[in-house]
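The values are calculated or read from the model by the stated rules, or taken from the named source; none is laboratory data. None of the values given here were measured: they were computed from a predicted structure. Every residue, glycine among them, receives a Cβ derived from its backbone with ideal geometry; neighbour counts consider all protein chains shown.
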Amino acid sequence: MTKEQIQSISTDNKTVIVNKINKKYELTFRKQNRLMCTIWLHHYQQIDPIITKFLATGEVDAGGVWMV
């Protein structure tokens with residue numbers, strides 16, 4: 001298993017880390033320095049809308065499941 005960090009985006013209280021593991025993408029969401037959730041995606045194009053919404057609202061829409 002090869003793990004490569006692709007990007008890390010932070011604001012004052014939110015952080016998203018994107019890793020590529022084999023052919024999947026792992027997104028780790030932190031809010032106020034606490035792990036909120038980790039989701040896995042198959043397609044890179046799905047990443048940007050999820051990150052944008054999280055940074056704007058603090059919510060994660062992971063395939064119909066909302067984390068607040």
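Selection of first residues in segment 10-26 that are without any contact (Cβ under 8 Å) to a residue 12 or more places away in the chain and of second residues that are basic (Lys, Arg), restricted to Cβ pairs under 9 Å at least 6 apart or on distinct chains, gives the following pairs, ordered by first then second residue: SER10/ARG30. Of the residues making up segment 5-47, those that are hydroxyl-bearing (Ser, Thr, Tyr) and surrounded by 15 or more Cβ atoms within 10 Å (Cβ to Cβ) are THR15, TYR25, THR28.
Residues considered: ILE51, ILE21. Of these, the only one that is modelled with pLDDT of 90 or more and more than 12 Å from the chain's Cα centre (by Cα) is ILE21.
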